[in-house]
Amino acid sequence: MPLDTSIKSVLIIGSGPIVIGQACEFDYSGSQAARSLREEGIKVTLINSNPATIMTDKLVADNVYLLPLTPESIERILEEVQIDAVLPTMGGQTALNLSKEVEELGIWEKFNVRLIGVDIKAIDKAEDRDLFREWMIEMGIPVAPARVANSLLEGKEIAQEIGIPLVIRPSFTLGGSGGGFVKSKDELEAALNAGLNASPIHEVLVEKAVLGWKEFELELLRDSADNVVIICTVENFDPMGIHTGDSITVAPAMTLSDTAFQLMRNTAIDMMRSLGNFAGGCNVQFALNPETEEIIAIEINPRVSRSSALASKATGYPIAKIAAKLAVGYNLDELQNQITQTTSAYFEPALDYVIVKMPRWNFDKFKGADDTLGLQMKSVGEVMAIGRSFPEALQKACQSLENNATGLTSISRSKMRPEELMEYLKRPTWDRIFRLKEALEAGISIKTLRELTHIDRWFLYQIQDIIKVEQQLKAIGNLNDIQPEFMLECKKMGFSDEQIATVLKDCTPEQVYDYRKANGVTRIYKMVDTCSAEFAAVTPYFYSTFEGKSEKV
Amino acid sequence: MSQENSPAQALLLLEDGTLFRGKAYGKTGTTAGEICFNTGMTGYQEVFTDPSYTGQMLIMNTCYIGNYGVNEADVESDSVKIRGLICKNITKRYSRMVATGSLEDYLSANNIVAIQDVDTRSLVQHIRQKGAMNCIISSEISDIDTLKAELAKVPPMEGLELSSQISTTAPYYYGDKDAALKISVLDLGVKKNILQCLAERGTYLKVFPAKTPAQELLDFQPDGIFISNGPGDPASMPYAIATVKELLAANKPFFGICLGHQLLASAMGIPTFKMQHGHRGLNHPVKNLITGRSEITTQNHGFGIEPEATRNHPDIEITHLNLNDQSIEGIRIKNKPAFSVQYHPESTPGPFDSRYLFDDFIAMIRQHQ
C-alpha cells in the first residue's frame, strides 16, 4: 500500500527525562521519525518534557511542545493543532503508556486521532508475562517453564517442581526491581519473600533460569502487507542472566550457525506475524542452549526499542525512519534503501565488519550501590565500536569508555591472586571483561573461565589472542626493535598508541605515532553501507581501521 | 604470530593485473578460477559444498568465517566445491558444541588453498566495478610473472560446461519408495537440500546424470520433472537444452531452479547472458508478481536470462522480479505446467521465505493428475 494521504498531520510523543534504560536512543528515533514524515509532506508536532533533546529543535518538527507528558498536555495540543494521527512507538515505554492513558480517557477518539504504527492489544500481549507465555505455548514456541505464585508456600512448591536455578520475577514492578536469581536452595525463601513484597499484588512468576544459555537479539521490521525483514542479529557476549542493556553485545552474531540462525529467524517471523496488526519495528530475544542448540523465546517488543538505535547504527539501516514510513502506509518493497538510494529497503543488511557495544557504568557516583549485574539494568550509557576484527572492535570500545582504559589491557589492575580472581568472576560485575583478561594472563584455563562465566569460548579465545600480541610486544621491549609488519598487526588487533607505549620501555604515545607515520602504518577509513560493498553507497558513514586503502563516496 | 614466525604470505592476482596480499591458509599451493563474492553472514560450510560454486574462487564478504567449525550435517554435497577461498579472518579456534571439526582441517582435507587477511572490502568493490574475472591465489609462487603465466592458462567462465563433471555418474533414488508421487530429477550439480525439500513433501525421486537422454527420465513414469541448479554457462549446454525441450513436450509438471531456470528459458528460445558480477548471498529481495508478497532469497548465479526477450515472449509470464535491479527471478510457461526460479527456495544457507515454491510444485502435480 502506498502513502495514506488522509494523514496530513502527525503527533510524535517523546520519552521525557533521561533515566537508566531509556536514554538518548529515543531522541535519535524520534528525530529520525520526524524527518521521515516531513519528507512525505506531513506536518509533525512533537511533545516532550525534556528540552535537552535534538527532537525538540525547531528544525526537526513543525510544532514543538515542551510540556509535561500528561493527558492534559495532549488535550491542549489537540485543541490547538489539527492532528490526524499519533505515532507513539518512538518514545519508549513512556510514550506508549501515555498513549494508552489518553486512549482510556477517550481523548484520541474525541479529537478523531488515529493511533498509527502500533497495536495496543499487541503491546499488552507482549508485555504481560502470563499472556506472552500463553501465546508462545499456543504457537508451539518453547519458553522457560514457569508458574505464578501468590504465597511463599506456593512458591516453594513450584520451585520444587521446576528445579533450581530459578528466576523470581515479581508482577507489576518497574524495570525488574525486586526480582532475583535462586542458584541454591538456601536462597529460595529470601528471594520469594523479596519478590512477593515488591509486587503490589503480592505475586511472583517462578521461572526456570536458563543461566549459561547464549542470548541473541533480532531487530525486525514489518509492514502492513506482512512482509518481515531481519535488520540485525546481535549476540550477547554475556550469557543469559544479565540484562541486555548491561551486556557487551556483538553484531553480526559471531558463533551462530546458519541452522541455528534460521530457526531463530523463522520463529521471530512467526511471532511477529501472529502479533496483532501493526507496521513498524520490533525486537525479539532468544536464549540458545549451546549443548543442543534448542532455543526458547524470551521476549518480544513490538515497537522501536533501545536496541533499534544500536541496530541502526550497527547496520546503517535507519530503522526509525523506515518504521515511520511504514506507519503512514508504505510497504517495505515500495521504499528505497536510504544508503544506496538505488536498491530496495526490503532486504536484510549484510555486514563486513564487527560491531561491539559496551555499556558504561557509573558505580563510583552511586556509592553503596550493588555492582552485581543481573536482571535490572544499571549502566548509564554505552559505546559502540567498529572494526574489521573482534579484537579491534573490542579494544576500540574499551578505549571509548572514558575511564582509564587504553584498551582491554591497561585499566587499573585488580592485583588479585588467581584464586581470588576465580572467586570474583563468579559474580558478574562491570569490570568482568578486564578481570577475564587478567585471569587468562594468570594462566587460568579457558575451560575453567567458561565454567565460571558461561561466556562462549570463541570470545575467550579472542581475548587470549589480544594477550598474545601484548606479550610479544612486551618481549620486544623497544619501539625501535619493532618491525612495521608487527606494528600493523598490533593496530589490527586494536592496540592504541598509548597502550603500545605503556607496554614498551621508555616510550610515549607520540613516539609510537611518529614511528607509525614514518613506516606507513596509518589509519584508513571504510564505509558502513548496509550491503558489504555489493552496491555503491551514496550516504554511508565511516569507521577507521588498518588495512588496504581508504574509500570515498 | 611473533615477528619471526608469522604465517606464510600468499598472493592474489586478478586478471586485470591488480595484486592483493594476504596470509596463507589451508593447503599450501596455487589455485585459479573465476572470482566471485558472497555477502552471507552465516552458512559458510553449506556455501563451500554447493556444487554451483564449482570452479569459483570465492570471497566471503563477512569479516569472519570458521567461528563455529564444521558439522557433518551442514553440507550440500559430499565435498568442498569452491576452487579457492579468499577471506578477511578465518578463525583457527572454533566454538560449537555440536561441531565435528575445525574449518581449517576441513579445508585441508578437501585440498583447498585459501588466503586470508586480505582487504576483502576493497577487493569486492573492485569486482563490483570491473566485473567478474579470473584470478589466481598462491602460497608457493611469489614471482608475479609466473603467476601471470599460470593465470593465463585458466579458461574464462563464459562458455564453460561444468555440470557433466560433477553430476552423479549413475542414476540413484532418494526418499521413500512408497511415496505417492514420483519425480525425475536431472542432476546438473544438485544441492542436497533440494532433494530433501522434494522428498519431505511426499515424493520419491530418481536422480539422473546430466547427460541422460530425456526418454530415460520419462521412463521412470514420473509425476513431475525437476531440473537442478549447477555451475557453468547455460549457453554451453546444448545437450541439456535439448533434454529440457523434449521433457517440455511431454507436458509433465516441470520445475527448475537456478541453472534449471536458465535452461527452461533457453529451451523456450530466450538467450542467457553473463552478468557483470552476479548475485550471491542470503539477502536478495524478490517480489512475487502473482501474490504481491515479497521474499528474502538465497542467490548464487553469475548468468541470467535476457529480460527483453523474456518480456516479449508470447508464451512466458514473468512471475518474480528482483527488487534491487529489476532482473527476472521467475517465469511460468503459459500453456504448460512449467515454472522456474533463478534463486534458491531450498536456501541452506538462507531464509525459508521461498519454500512455498516446493508446495506450489506439488500442488501443480496433483492438479495435473
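Within region B:291-337, restricting attention to residues that are in contact (Cβ under 8 Å) with a residue 60 or more places away in the chain and in contact with a Cys (Cβ under 9 Å, 6 or more places away or on another chain), the residue that is surrounded by the fewest Cβ atoms within 10 Å (Cβ to Cβ) is B:302. When every residue of region B:278-289 is checked against the conditions, at least one turns out to be surrounded by fewer than 24 Cβ atoms within 10 Å (Cβ to Cβ), hydrophobic (A, V, I, L, M, F, W, C) and modelled with pLDDT of 95 or more.
Would you call residue A:533 assigned to a loop (DSSP other than H, G, I, E, B), small (Gly, Ala, Ser) and in contact with a helix residue (DSSP H, G or I) (Cβ under 6 Å, 6 or more places away or on another chain)? Let's see the steps before the verdict.
On the way: assigned to a loop (DSSP other than H, G, I, E, B): yes; small (Gly, Ala, Ser): yes; in contact with a helix residue (DSSP H, G or I) (Cβ under 6 Å, 6 or more places away or on another chain): yes.
Yes, satisfied.
Taking (1) away from chain A (no Cβ under 11 Å); (2) buried (at least 19 other Cβ atoms within 10 Å of the Cβ); (3) not acidic (Asp, Glu) in turn, residue B:63 satisfies each apart from (1).
For region A:101-133, the set of residues classified as closer than 20 Å to residue A:283 by Cβ and part of a loop (DSSP other than H, G, I, E, B) consists of A:116, A:117, A:118, A:119, A:128, listed by residue number.
Of these, A:534, A:551, which one is within 14 Å of another protein chain (Cβ to nearest Cβ) and either more than 18 Å from residue A:349 (Cβ to Cβ) or surrounded by fewer than 21 Cβ atoms within 10 Å (Cβ to Cβ) (or both)? Quick ask: steps written out before the conclusion?
Details: A:534 fails: either more than 18 Å from residue A:349 (Cβ to Cβ) or surrounded by fewer than 21 Cβ atoms within 10 Å (Cβ to Cβ) (or both).
Just a single option satisfies the conditions, and that option is A:551.
If you go through region B:116-132 and keep only what is more than 12 Å from residue B:12 (Cβ to Cβ) and either more than 7 Å from chain A (Cβ to nearest Cβ) or part of a loop (DSSP other than H, G, I, E, B) (or both), you end up with B:129, B:130, B:131, B:132.
With the structure loaded, tell me whether residue A:536 is farther than 22 Å from residue A:442 by Cβ, among the hydrophobic types (A, V, I, L, M, F, W, C) and more than 31 Å from the chain's Cα centre (by Cα) or whether it fails that test. First the steps, then the outcome.
Details: farther than 22 Å from residue A:442 by Cβ: yes; among the hydrophobic types (A, V, I, L, M, F, W, C): yes; more than 31 Å from the chain's Cα centre (by Cα): no.
No.
Within region A:89-127, the set of residues being more than 15 Å from residue A:11 (Cβ to Cβ) and either over 27 Å from the mean Cα position of the chain (by Cα) or modelled with pLDDT of 95 or more (or both) comprises A:104, A:105, A:106.
Kindly establish whether residue A:253 is over 12 Å from the mean Cα position of the chain (by Cα) and either assigned to a helix (DSSP H, G or I) or under 22 Å from residue A:323 (Cα atoms) (or both). Can you show your working first?
On the way: over 12 Å from the mean Cα position of the chain (by Cα): yes; either assigned to a helix (DSSP H, G or I) or under 22 Å from residue A:323 (Cα atoms) (or both): no.
When the stated conditions are applied, residue A:253 does not pass them.
Residue-level analysis places residue B:358 outside the set of residues that are under 23 Å from residue B:51 (Cβ atoms) and free of Cβ contacts under 8 Å to residues at least 60 places away in the same chain.
The set of residues from region A:306-337 being more than 22 Å from the chain's Cα centre (by Cα) and either assigned to a loop (DSSP other than H, G, I, E, B) or buried (at least 24 other Cβ atoms within 10 Å of the Cβ) (or both) comprises A:325, A:326, A:327, A:328, A:329, A:330, A:331, A:332, A:335, A:337. Consider region B:342-361 and keep the residues that are touching a Leu at 6+ places or on another chain (Cβ under 7 Å) and more than 13 Å from chain A (Cβ to nearest Cβ). The one that is nearest to residue B:283 (Cα to Cα) is B:345.
Specify which of the listed residues (B:39, B:18, B:31) is more than 13 Å from chain A (Cβ to nearest Cβ), on the phi < 0 side of the Ramachandran plot and not acidic (Asp, Glu).
Numbers: B:39 fails: more than 13 Å from chain A (Cβ to nearest Cβ); B:18 fails: more than 13 Å from chain A (Cβ to nearest Cβ).
Answer to the selection: B:31.
May I ask you to say which residue of B:161, B:140 is under 30 Å from residue B:218 (Cβ atoms), of a type in the set (Asp, Glu) and away from chain A (no Cβ under 14 Å)? Before you say what the answer is, go through the steps one by one.
Details: B:140 fails: under 30 Å from residue B:218 (Cβ atoms).
Selected residue: B:161, the only one of B:161, B:140 that is under 30 Å from residue B:218 (Cβ atoms), of a type in the set (Asp, Glu) and away from chain A (no Cβ under 14 Å).
If you go through region A:249-295 and keep only what is of a type in the set (Asp, Glu) and within 7 Å of chain B (Cβ to nearest Cβ), you end up with A:258, A:291, A:293. Going residue by residue through region A:346-353, is there one that turns out to be more than 14 Å from chain B (Cβ to nearest Cβ) and either in a loop (DSSP other than H, G, I, E, B) or surrounded by 17 or more Cβ atoms within 10 Å (Cβ to Cβ) (or both)? There is no residue in region A:346-353 that is more than 14 Å from chain B (Cβ to nearest Cβ) and either in a loop (DSSP other than H, G, I, E, B) or surrounded by 17 or more Cβ atoms within 10 Å (Cβ to Cβ) (or both). Cβ-Cβ contacts under 8 Å between residues 6 or more apart (or on different chains), taken from a first residue in region A:175-195 that is surrounded by fewer than 22 Cβ atoms within 10 Å (Cβ to Cβ) to a second residue that is of a type in the set (Phe, Trp, Tyr) and not in a helix (DSSP H, G or I), are listed as A:187/A:181.
If you take the residues in region B:82-113 that are within 21 Å of residue A:259 (Cβ to Cβ) and among the hydroxyl-bearing types (Ser, Thr, Tyr), which one is nearest to the other protein chains (Cβ to nearest Cβ)? Top of the filtered list is B:95. With the condition kept exactly as written, say whether any residue in region A:128-148 is surrounded by fewer than 19 Cβ atoms within 10 Å (Cβ to Cβ), more than 30 Å from residue A:10 (Cα to Cα), charged (D, E, K, R) and at pLDDT below 90. The answer is yes, given that some residue of region A:128-148 is surrounded by fewer than 19 Cβ atoms within 10 Å (Cβ to Cβ), more than 30 Å from residue A:10 (Cα to Cα), charged (D, E, K, R) and at pLDDT below 90. If you scan region A:414-450, which residues turn out to be hydroxyl-bearing (Ser, Thr, Tyr), within 18 Å of residue A:239 (Cβ to Cβ) and free of Cβ contacts under 8 Å to residues at least 12 places away in the same chain? Of everything in region A:414-450, just one residue is hydroxyl-bearing (Ser, Thr, Tyr), within 18 Å of residue A:239 (Cβ to Cβ) and free of Cβ contacts under 8 Å to residues at least 12 places away in the same chain, namely A:424.
Taking the condition out of contact with any Asp or Glu (no Cβ under 6 Å at 6 or more places or on another chain) and more than 30 Å from residue A:230 (Cα to Cα), does residue A:455 pass? So residue A:455 fails the test.
The values are calculated or read from the model by the stated rules, or taken from the named source; none is laboratory data. Owing to the predicted nature of the structure, the values given are computational and were not obtained by experimental measurement. Every residue, glycine among them, receives a Cβ derived from its backbone with ideal geometry; neighbour counts consider all protein chains shown.
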